[in-house]
1. Which members of region B:1-36 meet the condition of being farther than 14 Å from B:GLU50 by Cα and β-branched (Val, Ile, Thr)?
2. Would you confirm, using the coordinates I've provided, whether B:LEU151 is facing chain A (nearest Cβ under 10 Å) and at pLDDT 95 or above?
3. Which numbered condition trips up A:VAL10, out of (1) under 23 Å from B:THR144 (Cα atoms); (2) in contact with an Asp or Glu (Cβ under 8 Å, 6 or more places away or on another chain)?
4. Suppose the filter is farther than 16 Å from B:PHE167 by Cα and of a type outside the set (S, T, N, Q); does B:PRO98 pass it?
5. Within region B:156-168, which residues are touching a Pro at 6+ places or on another chain (Cβ under 9 Å) and surrounded by fewer than 24 Cβ atoms within 10 Å (Cβ to Cβ)?
6. Among the numbered criteria (1) within 12 Å of another protein chain (Cβ to nearest Cβ); (2) assigned to a loop (DSSP other than H, G, I, E, B); (3) free of Cβ contacts under 8 Å to residues at least 60 places away in the same chain, which one does B:LYS125 miss?
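The values are calculated or read from the model by the stated rules, or taken from the named source; none is laboratory data. Treat the numbers as computed from the prediction; the structure is a model and nothing was measured. Cβ atoms come from the backbone with ideal geometry, glycine included; neighbour counts cover every protein chain shown.
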Amino acid sequence: MCLGIPGKIVEIVDLDNRTAKIEVSGVRRNVDVGLLWDGPDAVGVGDWVLIHVGFAISRIDEGEAGQMLSALRALGEPWEEELADLESSAIE
Amino acid sequence: MRFVDEYRDPALARRLAEEIAGLVEPGRHYKLMEVCGGQTHTIVRWSLPELLPAGVELVHGPGCPVCVIPMGRQDDAIAIAERPGVIFTTFGDMMRVPSSNGSLLDAKARGADVRMVYSPLDALKVARENPDREVVFFAIGFETTAPSTALTLRRARSERVGNFSVFCNHVTIIPAIKAILDSPDLRLDGFIGPGHVSTVIGLNPYRFIARDHGKPVVVSGFEPLDVLQGTQMVMRQLAEGRSEVENQYLRVVREQGNPLALEAIAETMELRSTFEWRGLGFISQSALKLRPAYAEFDAERRFEVPGVRVADPKACQCGEVLKGVIRPWECKVFGTACTPERPIGTCMVSSEGACAAYYNYGRHAGRRRLDRSRPDSDAPAHAAAADAASAAGGRG
């Protein structure tokens, strides 16, 4: 459960609740970006963030996201489980 | 060095390994503790110790959140889950953790409504959708996870979701490191600090380790190259007689951590006077509970829980594994009576647990494949054999 997964913000879904839609490995789900919300332009579409249990906990750059993704894919099963867990999520 | 060619940059991995070897003082044995369970997983999965000189040993620390929850708290969780009308939500990792009354999976089989969730926000959603039921979220994890619970609590309060509560088991990493530093069982030379916890708490909380204990700390990431580079940075400090807090994981960890996350934790939670850790015993001010302002969302106030201390099963040596005193395969029941399918202790449950990592990727994984026809027959022999191969994780 300590795996962080990189995701790219594809839409700001709910400004009041600071919910954004992210995409990772073809999976699109909503996550909470409130922990990064330190100003009006804190996060936007196209940004990469590190996600942990449905919350973005850190901003990362695209290169870092790519490296993380290839390292995660190399993990095999734990990565597939994490992705399946993310897919099971239905945060609104 | 079977895996090195699969690293992102094999040449860099080899260079780091050579540099580490060059930093070893002849005749000295180094013990470095990686604090985080995710790093343990990487180390075993990628056979990192094969790249390290024989005198450099990586000792696995207490940073697996599932592993450190003591048996009594799991009993409490099951007592809550089995109350009529309760929907008990949990991360998947906790489903198979044994209590003195079976696991949550067993409770589910007995009829309890136990549901796996990816996020505390999913648990809150279950509560919104089931207003006539009590929905409890089993909150576990270090500072990486506590902010998620904190924001979920804020949201539950602002939306007045009155049937939602949190069974709070969040723990804090620094007191556990202190306990290990103060333990007479283990002499460590330095620490590879946890990456994701540090995105929240930053670097300052580690400074006492360098200042008061004279031991280097290098906060590191999770990829094999991160852990190798973290090891090289600790070794360089030792070679140069320095003890500082350094950040290998600059790409993700900021020196000040995440102030918004720390604020959210501070607003919703406060330190418990003491908390029991599996293996480490009671550690003062090492865990979080909900603040009085959030009392209405506190499952421990809403439901009566047994709240008793339950000793680990006699055969289980998770405690010694978590303290780094023994290596997973040195446990009497490792891979025989205790397996990921039928775990006795928590370290065999979570993929971040040291025992599960060795079981799945260590040398026994290979041996098990060969011995599939006689699954339990190699138990007494392998502890000694494995010890010889010590520096760990070789797929033998």
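1. B:VAL24, B:VAL35
2. yes
3. Of (1) under 23 Å from B:THR144 (Cα atoms); (2) in contact with an Asp or Glu (Cβ under 8 Å, 6 or more places away or on another chain), only one is false for A:VAL10: (1).
4. Spelling it out, B:PRO98 is indeed farther than 16 Å from B:PHE167 by Cα and of a type outside the set (S, T, N, Q).
5. B:VAL161, B:GLY162, B:ASN163
6. All conditions are met except number (2).
Per-residue answers, yes or no, for (1) touching a residue at least 40 places away in the same chain (Cβ under 8 Å); (2) closer than 24 Å to B:PRO147 by Cα:
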residue: B:ILE69; (1), (2): yes, yes
residue: B:ASP76; (1), (2): yes, yes
residue: B:ALA79; (1), (2): yes, no
residue: B:PHE91; (1), (2): yes, yes
residue: B:PRO98; (1), (2): yes, no
residue: B:ASP106; (1), (2): no, no
residue: B:ALA109; (1), (2): no, no
residue: B:ASP113; (1), (2): no, no
residue: B:VAL117; (1), (2): no, yes
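This table checks each residue for (1) within 23 Å of the chain's Cα centre (by Cα); (2) under 22 Å from B:THR144 (Cα atoms); (3) not in a strand (DSSP E or B).
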residue	(1), (2), (3)
B:PHE208	yes, yes, yes
B:LEU228	yes, no, yes
B:GLN237	no, no, yes
B:ARG254	yes, yes, yes
B:GLU267	no, yes, yes
B:TYR294	no, yes, yes
B:ARG301	no, no, yes
